[in-house]
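Some notes on the structure that comes next.
Throughout, read-outs are computed from the coordinates displayed, never taken from laboratory work. Computed from a predicted structure; not experimentally measured. We place every Cβ from the backbone using ideal geometry, glycine too, and count neighbours over all the protein chains shown.
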Amino acid sequence: MMGDRFSQLVAAEDLAATRELLERDPDLAHRLRSVALEKAGALSGLYHHNVRVGNLMCRFPAAGADNLDRRTYEENDVLRAIQPHLGRKASHLVYEGQGWSVHAYEEGRVLHELSPPGRPVPRLVLDDTVDLFRRLTDVPLGDMGLPPWWPEDGDSVGFGLRRAIQASVAHWKSTRWFGREFDLLGLPLQPHRAMVGRLTKLTPRPFQLLHNDLHRGNIIVRPDGHAVFVDWELATIGDWVYEVATHLHLMRYTEGDRQYLLERCLERMPPASTEGWQADLETYLDLNRVQSAVNDTVRVILKIRKERLSPAEKGEMVLALTGTLNTAGRIWGMEKVLSPDEVAAAVQAGVVGE
């Protein structure tokens, strides 16, 4: 009997009925969790493991995930707030268990596989991304609530400085484990300090909900060509120009796609959200570049330490990190240009020193 009900559960397309069934029957929810855990690791993200079971996706926090990016909200709270405004354009929360959750499985291909970085993105996906930005302005800030330590609505300067402070704290904490590597790579003790003067000149703009991690791995392209936006664990509230800067930094668009996206955004976003956007976009892009230099250094070291990588894979990662560090170095005033050999030696020093 349990087997019949379980098969019906994971094949059901009525999400409301599925939620009701899981909430009413703890044994069935436990069975779903057990089946998913047996398959854990089939799909994985930086912060969560995602396991498909029929028409459902079970989501578990990834053990040992780094905390370089501070959370403002619990992901499930975000999903509940955006559901009335985004519908199936975003992850659909079906059930929340203790330490795990169930989402509707989204049929389609991850954009990273369909269009890798540097390759053109389907125009329908670009249009859906702009539509996402616009729809997020409709989510009332009161539905989420601003944390007591957060800048007031419209305080773009306070928001920008808060992001820089959060990144600086993450960097400072990382020096406990990676200080030797940071020194070898020439990272300053306060790499984000170079951004403070520019951040104090940001134009005030109204706050809205931000996805804050919108890259090609977090966009699923359905068979009909439309996009679904997933992985909302880093969502926050703040200046939309920061959102688009972070998105551009992560996506590595072609110049044509970049221009198309910006033009559509300027057409559809409220005028108050785009006021003074050009200068501030460059400021936020540089803030992202500095933050990436720190975070990517840590993640490359950890990946090389924990995973069995081929020489080609290591070389590709080192080459990308070299570019990231040299780009950020120009922002914080580093005179020396690093070579891939120097970066490889610094990363390897941490491994050998264990």
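State, to one decimal in nm, how far the label point of W172 lies from the label point of A320, with both points 7 Å from Cα in the Cβ direction.
3.0 nm
Each residue of the stretch 219-224 in order: what ³J(HN,Hα) in whole Hz does its phi give by Karplus 6.51 cos²θ - 1.76 cosθ + 1.60, θ = phi - 60°, with x for Gly and Pro?
For the stretch 219-224, the Karplus curve yields 10, 9, 9, 5, x, 7 Hz.
Looking at the square roots a ≥ b ≥ c of the eigenvalues of the Cα gyration tensor of the stretch 223-294, which shape do they give, rounded for a/c under 1.5, prolate if a/b is larger than b/c, or oblate?
Numbers: a/c = 1.35, a/b = 1.09, b/c = 1.24.
It comes out rounded by the Cα gyration axes.
Could you work out the helix-only [θ] at 222 nm for the chain, with each DSSP H run of four or more residues adding -39,500 (n - 2.57) and the total divided by the number of residues, to the nearest 500 deg cm²/dmol? Spell out each step's value before the answer.
Numbers: 15 runs with 196 residues, N = 354.
The helix-only estimate for the chain comes to -17500 deg cm²/dmol at 222 nm.
Would you list T175, T246 from fewest to most Cβ contacts within 10 Å?
On the way: T175 15, T246 23.
Ranking T175, T246 by Cβ neighbours within 10 Å, fewest first, gives T175, T246.
Between I237 and residues 5 or more places away or on another chain, which pairs have amide H atoms under 5 Å apart, with H built 1.01 Å from N, and which residues are they?
L210
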